[in-house]
1. Can you name the residue in the range 33-56 that is part of a helix (DSSP H, G or I), out of contact with any helix residue (DSSP H, G or I) (no Cβ under 9 Å at 6 or more places or on another chain) and closer than 26 Å to ILE118 by Cβ and is also least open to solvent (accessible area, probe 1.4 Å) among such residues?
2. For the range 1-57, enumerate the residues that are basic (Lys, Arg) and touching a strand residue (DSSP E or B) at 6+ places or on another chain (Cβ under 7 Å).
3. May I ask you to list pairs of residues, at least six apart or on different chains, whose Cβ atoms are under 8 Å apart, with the first in the range 103-116 being among the acidic types (Asp, Glu) and surrounded by fewer than 19 Cβ atoms within 10 Å (Cβ to Cβ) and the second being in a loop (DSSP other than H, G, I, E, B) and at pLDDT below 95?
4. If we keep just the residues of the range 2-23 that are in contact (Cβ under 8 Å) with a residue 12 or more places away in the chain, part of a loop (DSSP other than H, G, I, E, B) and of a type in the set (Asp, Glu), which is nearest to SER55 (Cα to Cα)?
5. Tell me which residues, restricted to the range 82-102, are in contact (Cβ under 8 Å) with a residue 40 or more places away in the chain and aliphatic (A, V, I, L, M).
Amino acid sequence: ESSGVEFCWEVDELPKVEALEPWAVLSIQRILLEAITNAVRHSGAKRLGVAARQSGNDLEVLIEDDGQGFDAASTAAGHGLRSMRARAQRLGGRVEIVSAHGGGTTVRLLLPLRLPQIDPRDSANPERGETVLPVPSLA
């Protein structure tokens with residue numbers, strides 16, 4: 001309310017997502033929070049919508065605003081957008097961003113209904129975007 005942005009929530013009954021571990025929930029929350037925060041802070045939007053539904057074998061979450069938009073191609077290397085994409089990839093999904101100057105922005109998160117399981121012995125912290133590099137073979 002303090003931002004002055006009208007928030008619209010459109011969520012259908014969602015299917016069960018298998019292998020939804022705590023790290024995955026946190027990653028999903030961070031992706032959505034980054035998209036919403038960007039819209040509120042930077043877009044000048046008057047309206048922000050969040051929608052979620054099943055789309056084939058995926059869960060689709062849309063965050064759309066009616067703000068000023070931006071050139072998504074030129075800012076694709078920004079830390080926040082890179083982080084969103086890396087988190088989605090770790091979940092077996094992807095983030096798509098469609099935006100144009102004066103045309104608002106849509107962030108689309110697609111996640112499989114069965115998320116990958118992470119080996120608990122994996123020393124990487126998936127929430128920090130860390131990955132474990134393969135150990136080089138001595139052969």
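1. Result: ILE36.
2. If the condition is that a residue be basic (Lys, Arg) and touching a strand residue (DSSP E or B) at 6+ places or on another chain (Cβ under 7 Å), then LYS46, ARG47, ARG53 are the ones that fit.
3. Matching pairs, first to second residue: none at all.
4. Of everything passing the filter in the range 2-23, ASP12 is nearest to SER55 (Cα to Cα).
5. Of everything in the range 82-102, those that are in contact (Cβ under 8 Å) with a residue 40 or more places away in the chain and aliphatic (A, V, I, L, M) turn out to be MET84, ALA86, ALA88, LEU91, VAL95.
The values are calculated or read from the model by the stated rules, or taken from the named source; none is laboratory data. Note that the structure is a prediction, hence the values are computed from the model and not measured. Note that each Cβ is placed from the backbone with ideal geometry, even for glycine, and that neighbours are counted across all protein chains shown. Surface areas here come from the heavy atoms of the whole protein model, side chains and all, with no ligands, DNA or RNA. Shrake-Rupley method; radii C 1.70, N 1.55, O 1.52, S 1.80 Å.
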